[in-house]
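The values are calculated or read from the model by the stated rules, or taken from the named source; none is laboratory data. Values in this document were obtained by computation on a predicted structure and should not be read as measured data. Please note: Cβ atoms are built from the backbone with ideal geometry, for glycine as well, and neighbour counts cover all protein chains shown.
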Amino acid sequence: MSATPVREEAWKLLTEYVPSDNLQRHALAVEAVMRYMARKRGEDEETWGLIGLVHDIDYERYPEEHCKKAPAILREHGWPEEMIRAVVSHGWGICSDVEPLTAAEKVLYTIDELTGLVAAAALVRPSKSVLDLPVKSVTKKWKDKAFAAGADRSVIEKGAAMLGMELAELIEDCIEGMRTQAEAIGLKGNPGA
């Protein structure tokens, strides 16, 4: 099959390989931001969203071979090569030597780490919500290297440079994208609290 897979198939595949609720919420957050960024850029929202949804397809089962098992899993299910390449490129310089070249690849590479930082910044607010999270809260937390230490800021900075975006704009886009799925990703919280 060279056609774009449908969302239901992608979700079924993800939940089969990634049973962890936390990792599923991360996948949904990345999907939401990918869709938001595709809309903003006039790109194919469905393709970008599906790439974001399955980007960590091999992470839970094969953490030591992350981005190395994904191609076989996705090929077995008929995914197009350009989508497989995009999935693998998000691990560039970490667990993959596939450099992000397309707009979708560059966005995925950049926001994979950023969604984690944004989620952590939302969860320390009284509201525990992304719905009332200002950009300045994230930029303030950015400077505290101990905060969400797992979110590799150097990857985000490299990605922002690849995209030609200022960090604040990138954070704003990430927040806006995550807001579209706030409940599904566990960040609806209690805005205004």
When the stretch 121-140 is checked residue by residue, the ones that are free of Cβ contacts under 8 Å to residues at least 60 places away in the same chain and buried (at least 17 other Cβ atoms within 10 Å of the Cβ) are Ala121, Val130, Leu133, Val135, Ser137, Val138
Given (1) part of a helix (DSSP H, G or I); (2) more than 22 Å from His90 (Cα to Cα); (3) among the polar types (S, T, N, Q), number of the condition Ser154 does not satisfy: (2)
Between Ala148, Ala161, which is within 23 Å of Gly93 (Cβ to Cβ), of a type in the set (Gly, Ala, Ser) and surrounded by fewer than 17 Cβ atoms within 10 Å (Cβ to Cβ)? Ala161
Do any helices (runs of 4 or more DSSP H) entirely within the stretch 1-88 hold 2 or more residues that are touching a Pro at 6+ places or on another chain (Cβ under 6 Å), of a type outside the set (A, V, I, L, M, F, W, C) and touching a residue at least 12 places away in the same chain (Cβ under 8 Å), and if so, which? none
Tally, over the stretch 130-140, of residues that are within 21 Å of Gly150 (Cβ to Cβ), in a loop (DSSP other than H, G, I, E, B) and over 16 Å from the mean Cα position of the chain (by Cα): 1
Would you tally the residues in the stretch 157-188 being assigned to a helix (DSSP H, G or I), hydrophobic (A, V, I, L, M, F, W, C) and touching a residue at least 12 places away in the same chain (Cβ under 8 Å)? 10
Search result, residues across the stretch 94-120 that are part of a helix (DSSP H, G or I) and without any contact (Cβ under 8 Å) to a residue 60 or more places away in the chain: Glu105, Lys106, Tyr109, Glu113, Leu117, Ala120
Answer residue from the stretch 79-95, given it is modelled with pLDDT of 95 or more and farther than 25 Å from Glu169 by Cα and is surrounded by the fewest Cβ atoms within 10 Å (Cβ to Cβ) among those: Glu81
Options Glu45, Glu76; residue that is more than 21 Å from Met178 (Cα to Cα) and out of contact with any strand residue (DSSP E or B) (no Cβ under 8 Å at 6 or more places or on another chain): Glu76
